[in-house]
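What follows is one structure encoded as structure tokens, with my remarks underneath.
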Amino acid sequence: MSEGLDELYQVSQAVLSVTRQMSVRDVLQVIVRSARSLVGARYAALGVPDAGDSFAEFVVDGVSDAEWAAIGPLPRRHGMLAVLLNQGKPERLADIRKDPRFEGWPAAHPKMSHFLGVPVRDGDQVLGIIFAANKVSAAAEKRGFTERDEEILSLFAAHAAIALTNARLYERSRELSVMQERSRLARDLHDAVTQKLFSIRAHARAAAVLAAREPPDADRIRAEIEVVGELGAEAQAELRAVIDGLTPPDLEAAGLAESLRRYAVLAGRAHGVPVTFSAACLPPLSEQAEAALYRAAQEALHNALRHAAASSVKVSLAKTPRQVVLEVSDDGHGFDPDAPSGGLGLASMRERAASAGGRLAIRSTAKGTTVRMTVPGKASG
């Protein structure tokens, strides 16, 4: 009984090690390392099939980098690997070399005898295969892998499938976030800079036309050039604001309040709209909550400065006994927060609030808009 509990504890620890990883590659590596340890194998590997007849990922443990390089390219889906993928059930062999389905391996490949392979399944779909070969201890090497080893590795593979699926979803969500940021950047560049550049070209052409006249109108040429200079300075300031908004600053170094104050001042200057900022002494917040507040403030400021025709904007950070409250308010013309178009980055702000365990509320009338986000303070202890 004690031995069984110890085995389950080892499986539990292995599962926890896997679930702590976020990237797919890290998950695969920890799965292989854990699988090899759980069944006491000399070698272990995990293959994730691609859309063809090979593997998108193939991770090994127990083989040095030099040995792996000498083996050559990734294996094809043939022999016992194909059997595991196609049949989707465990295979435990006393000597893989004597099985009729074995099709050999490269000359530099380690010599293997005892073999245990299990599928990594998500329902009916086989996400990959885990296999182990050759027991480490001399006593175990004689008897090979046991039925208990197969049960343990199958149990672990079931949990590994969940971790692998979660890691893939996490990476896809990160890719989506990158795409959303690129879309925001493109929109910001269009709104903030393109119109200024168009105006610069128009005034530059006007100056050129005036210079070509006989006699040239020096005063009007000078006036057009001065306008070009002013527009160029404005475009530079707005471009700098867009670039500074690409990624949050190091919030841990400067603090959320100071980082947001700097951005608010910069954005206000770029658009010629006064932005006032105030902040209370804030309680500790999680990194996710700080990032959510910063990004929501950016989006709300973007809307107020570029779409609301506001003459002033106020940004504040306050606290309640259990929450931190962000408010961005303006005196612009307002909009309908419930409009089906879902523009103005509202979905993004709501998602950020939800990801941090908070809430977003928007009140907008013909006299102005207030965006309010609340997030919980970081639990102490």
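Here's the list of lysines a cross-link from LYS142 could span, going by alpha-carbon distance under 29 Å and ignoring same-chain residues fewer than 8 apart: LYS89, LYS98, LYS111.
For PHE55, the residues 5 or more places off, or on other chains, whose built amide H falls under 5 Å of its own are ASP50.
Given the peptides 131-138, 48-55, arrange them by the average over their residues of other C-beta atoms within 10 Å, most packed first. The partial results should precede the final answer.
Values: 131-138: 18.8, 48-55: 13.8.
By packing density, highest mean first, the sequence is 131-138, 48-55.
Rounded to the nearest Hz, the phi-derived 3J(HN,Hα) couplings of the stretch 205-212 under the Karplus curve 6.51 cos²θ - 1.76 cosθ + 1.60 (θ = phi - 60°) are 5, 4, 5, 5, 5, 5, 5, 7, where x marks glycine and proline.
For the stretch 271-381, divide the Cα radius of gyration by the Kirkwood radius and give the resulting Rg/Rh value with two decimals.
Reported Rg/Rh (Cα atoms, Kirkwood Rh): 0.98.
When the surface is traced with a 1.4 Å probe over the full set of protein chains, ARG222 keeps roughly 130 Å² accessible. Annotation: amide H of GLY368 within the under-5 Å range of GLY334, sequence separation 5 or more or interchain, hydrogens built in the peptide plane. Counting only residues at least eight positions apart within a chain, or on another chain, the lysines with an alpha carbon under 24 Å from that of LYS378 are LYS319.
So, with +1 on the Cβ of K and R and -1 on the Cβ of D and E, and no other charges, what is the size of the charge dipole of the stretch 254-330 about its Cα centre, to the nearest 20 debye? Mind showing how you got there, number by number?
On the way: 8 positive and 6 negative charges, 26 e Å.
Magnitude of the dipole: close to 120 debye.
For the pair THR320 and LYS89, what calculated FRET efficiency results from E = 1/(1 + (r/R0)^6), where r is the Cβ-Cβ distance and R0 = 56 Å, to the nearest 0.05?
On the way: r = 56 Å, r/R0 = 1.01.
That gives a FRET efficiency of 0.50.
Loop-only check: which trypsin sites (Lys or Arg not before Pro) in the stretch 271-361 are DSSP coil with at most 14 other Cβ within 10 angstrom?
Numbers: sites: ARG295, ARG306, LYS314, LYS319, ARG322, ARG350, ARG352, ARG359; in loops: ARG322.
Filter output for the stretch 271-361: ARG322.
What the phi angles of the stretch 99-110 give under the Karplus curve with 6.51, -1.76 and 1.60, with θ = phi - 60°, is a coupling list of 7, x, 7, 6, 10, x, 8, x, 4, 7, 5, x Hz, glycine and proline written as x.
The C-alpha radius of gyration of the stretch 259-315, expressed as a fraction of 2.2 N^0.38 Å, stands at 1.16. Near the amide H of LEU285, within less than 5 Å, lie the amide hydrogens of LYS378, all on another chain or at least 5 residues away, with H placed in the peptide plane. Every Cα-Cα pair of the stretch 1-154 was included, and the share exceeding 21 Å stands at 43 percent.
Provide the FRET efficiency to the nearest 0.05 for the ASP50-ARG222 pair, computing r from the beta carbons and using R0 = 51 Å. Before the final figure, lay out each step's value.
Values: r = 66 Å, r/R0 = 1.29.
Plugging the Cβ-Cβ distance into 1/(1 + (r/R0)^6) gives 0.20.
Working note: Karplus 6.51/-1.76/1.60 with θ = phi - 60° gives the stretch 317-322 the couplings 10, 10, 9, 10, x, 10 Hz, where Gly and Pro are set to x.
The values are calculated or read from the model by the stated rules, or taken from the named source; none is laboratory data. No experiment lies behind these values; they were computed from the predicted model shown. In this analysis, Cβ positions are derived from the backbone assuming ideal geometry, glycine residues included, and neighbour counts consider all displayed protein chains. Protein only, heavy atoms only, side chains kept; ligands, DNA and RNA dropped before computing areas. Shrake-Rupley method; radii C 1.70, N 1.55, O 1.52, S 1.80 Å.
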